[in-house]
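These notes concern the structure reproduced below.
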Amino acid sequence: MQRAAASLEEADRSHRAGDPAGAVRQGDAAVAVLRKLVASGVWSAERPLSRALRQQSGYLAAVARHAEAVAAAEEAVVLARGDSSRARPLAVALAGLAIRLLAAGRAAEGLATAREVAAVGGQPQKAVARALTDLSDALAEAGEPEAAVEPSERAVAMWRSLGAEPEIGAALTGHADRLAALGRWADAVAYAAEAVEHHRAAAASPVSAEAERKLALVLTSYAVTLNRVGREQEALAAEAEAAALRGR
């Protein structure tokens, strides 16, 4: 188990350092060790194996080995289904599989799996909220804007329930974008306005150049939605505030 954990840490370091091939290599090593443990009856290795497979699936997708990425994600789902004590591993594993299927061009299967994610219950958890956000982004990129709204809306609800900042602001911004893509401008304005307030608070306490940069981006997006619903003066004010931040 320690050897597998060390390999996964090294895989993560390689990934962050821009070495996708190294990440795949180290991820393979970790998965191989954990598979052997599970095969020999060490059932406590099943959950770590499921996590390792999800991680490895992402590394494989990064080097365009999409068929292998899907296979790893499918194996992770099989293991997660056996973990009847918790909904989180299954929701995260299914979201990962849906993302891999979409990236592999298997849109119909990806959409079906995304619908299955929506059926998984459980308490709000950060890992699930992040997975839902990633799934929403993947659906939008795959040209499925309507399907992208549901996971985005669930992610917003989870972050609100968890009271997690700055995730709430980012989730609100993303959801506003999803709604705007469907032409639901009035709804998008409401979420964008809330996103601005969260980002404004983040930029003020303490003052942060990166937080101000994000606020400027959110304000510009907000200005676009305001303009689309005919609130031109408010749109100009939002863009003027964004320009002032960019000037700093």
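The values are calculated or read from the model by the stated rules, or taken from the named source; none is laboratory data. The model shown is predicted, which means the values in this text are computed figures rather than measured ones. As a convention, Cβ positions derive from the backbone with ideal geometry for all residues, glycine included, and neighbour counts pool all protein chains shown. With ligands, DNA and RNA removed, areas are computed over all heavy atoms of the protein, side chains included. Shrake-Rupley method; radii C 1.70, N 1.55, O 1.52, S 1.80 Å.
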Q.
Once neighbouring chains are kept in place and the probe is 1.4 Å, which whole percent of the accessible area of the chain is contributed by carbon and sulfur?
A. 54 percent
Q) Length gain on complete extension for the stretch residue 248 to residue 118, per 0.36 nm per residue less the alpha carbon to alpha carbon distance? A) 42.5 nm
Q: Report, to the nearest 10°, how far helix 46-62 tilts away from the longest principal axis of the Cα atoms in the chain, using its own Cα long axis and a range of 0 to 90°.
A: 60 degrees
Q) Using a Förster distance of 22 Å, how high is the FRET efficiency between residue 3 and residue 87, based on the Cβ-Cβ distance and rounded to 0.05? A) 0.15
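Nearest 0.05, what FRET efficiency do residue 39 and residue 17 give at R0 = 41 Å with Cβ-Cβ as r?
The calculated FRET efficiency here is 0.80.
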Q. How far is helix 88-103 tilted, in degrees, relative to the longest principal axis of the Cα atoms in the chain, given as a value from 0 to 90 rounded to the nearest 10?
A. 80 degrees
Q. Which of 177, 28, 19 moves the most in a Gaussian network model of the chain with Cα springs under 10 Å?
A. 19
Q. Can you give the accessible area of residue 185, probe radius 1.4 Å, in Å² rounded to 10?
A. 50 Å²
Q | Cα centroid separation - the stretch 192-225 against the stretch 51-114, whole Å | A | 33 Å
(Q) Let me make sure I get this right: for the stretch 1-41, a, b and c are the square roots of the gyration tensor eigenvalues over alpha carbons, sorted descending. Under 1.5 in a/c it's rounded, otherwise prolate if a/b > b/c, else oblate. Which is it? (A) prolate
Q) Measuring from a point 7 Å past the Cα of residue 229 along Cα-to-C-beta, which residues in the stretch 159-195 have an amide N at less than 14 Å? A) 176-177, 179-181, 183-195
(Q) Given the C-alpha atoms of the stretch 1-159, compute the convex hull and give its volume per residue in Å³. (A) 106 Å³
Q) With every protein chain left in place, what is the accessible area per residue of the chain in square angstrom, probe 1.4 Å? A) 50 Å²
Q) Which whole-number percent of Cα pairs in the stretch 131-228 have a distance greater than 23 Å? A) 22 percent
Q.
As I understand it, the value is the acute angle between the Cα axis of helix 145-162 and the longest principal axis of the Cα atoms of the chain; what does it come to in degrees, rounded to 10?
A. 90 degrees
